[in-house]
Amino acid sequence: MQIGLKSLQNFESGSHSPEIFEPVCNMILNLDSNIRFVGVMNNKGKLLTASVKKGVRTFITPQDQEMLLMEIALGVRMRKEHDPQLGPVNFTISYGHKMVSMNFPLDDEILCVSAEKKIDLVAIPFLILQLLEAELHKKEVDDKKNLEQEHV
């Protein structure tokens, strides 16, 4: 299955603003009824933006969530150390007793998705990758067009 993942790891613009990710988080939240939470954090674990499914009860306290996000960010940074030998990681999945979490390293940010255990773990992560590529690449193209128009 060819999905052209190269643009995911190497955005020319570097860090993205949280406003870019808000509509993407909402789109991902609506991809599957089993998705509970979609958020984007920086590479230190600070949550930049998030979308939460209405009516979902959380499993952890806000303090525990903060710690968990920092742990995820550390893991992503540590895995990037092996990119030269193994190639970049497109996503990781943690299958827990109560839920599933999927983490998608971007440039300086990490997209985090939590879902019910019955989610399709074969299809959904790749749909998210395709959506990320389409939406963030579209934003990159729009930014370049706007920059070119400013210089005319």
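Would you check which residues across region 36-54 are of a type in the set (S, T, N, Q) and not in a strand (DSSP E or B) and list them?
Asn43
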**OP:** Sort out which residues of region 76-89 are surrounded by fewer than 13 Cβ atoms within 10 Å (Cβ to Cβ) and in a helix (DSSP H, G or I), and write them in order of number.
**Re:** Met78, Asp83, Pro84, Gln85, Leu86
Original post:
Is at least one residue of region 55-75 in contact with a helix residue (DSSP H, G or I) (Cβ under 7 Å, 6 or more places away or on another chain), of a type in the set (Lys, Arg) and assigned to a loop (DSSP other than H, G, I, E, B)?
Top reply: no
Original post:
Pairs, please: C-beta under 8 Å, at least 6 apart or cross-chain, first residue acidic (Asp, Glu) and in region 29-40, second assigned to a strand (DSSP E or B) and surrounded by 20 or more Cβ atoms within 10 Å (Cβ to Cβ)?
Top reply: Asp32/Ala115
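Taken together, the values in this text are just the output of simple stated rules run on the coordinates, not laboratory data. None of the values given here were measured: they were computed from a predicted structure. Neighbour counts run over all protein chains shown; Cβ positions are idealised from the backbone, glycine included.
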